[in-house]
Amino acid sequence: MLGAIIGDIVGSPYEFDQSAPKAGFTLFAEECSYTDDTICTVAIADAILRMRPYQESLLDWCHRYPNPMNGYGNMYHSWLQEKNPLPQSSFGNGAAMRVSPIGWLFDDFHDVLRESKRCTEVSHCHSEGIRGAQCIATLVYWLRTCRITKDEIEHAVKSRFGYDIPPLKDIYRIGSQGHFDSTCQETVPWAIRCFLESESFEDAIRIAVGAGGDTDTKAAICGSIAEAYYEVPEELIEQAYEYLPSDMLRVIDRFYDHVGRRIDS
């Protein structure tokens with residue numbers, strides 16, 4: 001969960017930049033903030049921990065924080081404004097950036113698939129949105145339970161979810177041209193490649209943000225995966241906590257109490 005949140009905060013200032021940040025950029029800059037990625041991730045964790053419907057929790061948290069940095073996606077924002085929100089045929093990457101808690105809080109593969117579908121289809125009722133969410137939740141689950149190796153991930157993702165993962169050099173070349181795409185079809189395999197090329201949690205976040213484009217969401221998804229593989233440095237956790245309001249911190253602490261990973265911050 002904190003992997004997604006740290007990636008979101010670190011990537012937040014660069015989301016609409018025409019060029020990616022230079023190597024060695026400051027991770028937690030003054031202009032950083034949590035965005036909708038963090039709000040929705042907290043909402044999903046809170047829903048599971050309190051046994052609330054996913055839609056109810058998402059609406060609660062997003063109405064509580066209606067104006068995050070960089071705003072909500074257009075279709076999701078429209079969904080939030082409806083009196084009785086109905087599922088939209090969206091395949092935006094918002095489906096995949098919020099599901100990491102599911103990969104931690106469910107201990108059966110079929111439960112992970114079912115719950116990632118359920119939490120997605122309330123707002124992103126499109127096969128591509130559901131595929132992206134299930135892929136990321138499954139990777140988190142596989143990495144923490146089966147300890148699947150990086151060499152196995154690319155084949156597993158292709159065979160189970162049908163994603164082709166592009167080379168990092170192609171991702172960086174396209175990102176350097178100011179390309180911006182917020183679909184699951186692009187963001188999910190790109191974020192996976194950024195993780196596969198990394199050597200540490202921090203390195204994964206830097207690679208994802210350095211790829212440009214939808215930096216906060218790409219880094220949130222990459223961070224979700226990386227947290228299940230690497231140790232998250234304590235100093236990054238402490239810095240991320242400084243950006244978060246108390247109600248979010250309470251959910252995060254309760255989440256880690258539940259999954260058994262103690263975090264001192």
Filtering the range 1-57 down to residues that are free of Cβ contacts under 8 Å to residues at least 24 places away in the same chain and of a type in the set (D, E, K, R) yields 22, 30, 31, 50, 52, 56
Regarding the range 92-110, can at least one residue be identified that is modelled with pLDDT under 95, closer than 22 Å to residue 39 by Cβ, buried (at least 22 other Cβ atoms within 10 Å of the Cβ) and aliphatic (A, V, I, L, M)? yes
Could you grab the pairs with beta carbons closer than 7 Å, sequence gap of 6+ or different chains, first residue in the range 137-150 and buried (at least 21 other Cβ atoms within 10 Å of the Cβ), second one in a loop (DSSP other than H, G, I, E, B)? 137/99; 140/228; 142/148; 143/228; 143/229
Return the residue satisfying two criteria in turn: it lies in the range 124-162 and is of a type in the set (Gly, Ala, Ser) and closer than 19 Å to residue 58 by Cβ, and of such residues it is modelled with the lowest pLDDT. 129
Out of (1) surrounded by fewer than 20 Cβ atoms within 10 Å (Cβ to Cβ); (2) under 18 Å from residue 98 (Cβ atoms), the one residue 208 does not meet is (1)
Is there a residue in the range 191-201 that is β-branched (Val, Ile, Thr), at pLDDT 95 or above, in contact with a Gly (Cβ under 7 Å, 6 or more places away or on another chain) and within 23 Å of residue 153 (Cβ to Cβ)? no
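Okay, residues lined up against (1) surrounded by 15 or more Cβ atoms within 10 Å (Cβ to Cβ); (2) in contact with a Ser or Thr (Cβ under 8 Å, 6 or more places away or on another chain); (3) in a helix (DSSP H, G or I):
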residue: 216; (1), (2), (3): yes, yes, yes
residue: 239; (1), (2), (3): yes, no, yes
residue: 243; (1), (2), (3): yes, yes, no
residue: 251; (1), (2), (3): yes, no, yes
If I ask for residues that are of a type in the set (A, V, I, L, M, F, W, C) and under 21 Å from residue 189 (Cα atoms), which ones from the range 84-125 would you list? 91, 95, 96, 97, 99, 102, 104, 109, 112, 113, 119, 125
Give the number of residues within the range 176-195 that are out of contact with any Phe, Trp or Tyr (no Cβ under 8 Å at 6 or more places or on another chain), more than 14 Å from residue 209 (Cα to Cα) and crowded, with 24+ Cβ neighbours inside 10 Å. 0
Is it the case that residue 113 is in contact (Cβ under 8 Å) with a residue 60 or more places away in the chain and not in a loop (DSSP other than H, G, I, E, B)? no
Quick one: which helices (runs of 4 or more DSSP H) lie wholly within the range 1-108 and hold at least 3 residues that are farther than 28 Å from residue 144 by Cα and in contact with a helix residue (DSSP H, G or I) (Cβ under 6 Å, 6 or more places away or on another chain)? none
Among the residues of the range 26-56 satisfying the criterion of being closer than 15 Å to residue 100 by Cβ and of a type in the set (Gly, Ala, Ser), which is surrounded by the fewest Cβ atoms within 10 Å (Cβ to Cβ)? 47
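The values are calculated or read from the model by the stated rules, or taken from the named source; none is laboratory data. Just so you know, these numbers come straight off a predicted model, no measurement behind them. No Cβ is skipped: glycine too gets one built from the backbone with ideal geometry, and neighbour counts run over all protein chains shown.
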